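Please read the structure below before turning to the comments.
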């Protein structure tokens, strides 16, 4: 994992963005935020499991479906299966040690 602090690559309203093998963070302080960094590490694992490009295709398509379902951009984002898994487990720092392959499917 390569950690890069940049305010220019992060969309407005977000603090981080993960594109394997990089984690981009908007604020230097977030590098020390264990919960935030665990959330981003969960995304790294998800991207590896789906071989990166298919992850982003799935992510985008699921976002569109959730946007149609909820008619709200924030609700659509928070209900993407990848985000649901990351938010549900970001506080459990040993989560990735016990996580089984394709666990995000449980959150669809």
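The values are calculated or read from the model by the stated rules, or taken from the named source; none is laboratory data. These figures come from a predicted structure and were not determined experimentally. For neighbour counting, all protein chains shown are included, and Cβ atoms are generated from backbone atoms with ideal geometry for every residue, glycine included.
A few points about this structure:
- When we screen 65, 3, 34, 48 for residues that are touching a helix residue (DSSP H, G or I) at 6+ places or on another chain (Cβ under 9 Å), surrounded by fewer than 16 Cβ atoms within 10 Å (Cβ to Cβ) and closer than 20 Å to residue 97 by Cβ, the only hit is 48.
- Test for residue 71: is it surrounded by 13 or more Cβ atoms within 10 Å (Cβ to Cβ) and over 14 Å from the mean Cα position of the chain (by Cα): no
- Entry remark, the range 17-31: residues being over 21 Å from residue 94 (Cβ atoms), in contact with a helix residue (DSSP H, G or I) (Cβ under 8 Å, 6 or more places away or on another chain) and either at pLDDT below 95 or not in a loop (DSSP other than H, G, I, E, B) (or both) number 2 in total.
- In the range 1-20, the residues that are more than 17 Å from residue 44 (Cα to Cα) reach residues that are in a loop (DSSP other than H, G, I, E, B) with C-beta atoms within less than 6 angstrom, at least six apart or across chains, in these pairs: 7/26.
- The range 75-95: number of residues that are surrounded by fewer than 12 Cβ atoms within 10 Å (Cβ to Cβ) and free of Cβ contacts under 8 Å to residues at least 24 places away in the same chain: 1
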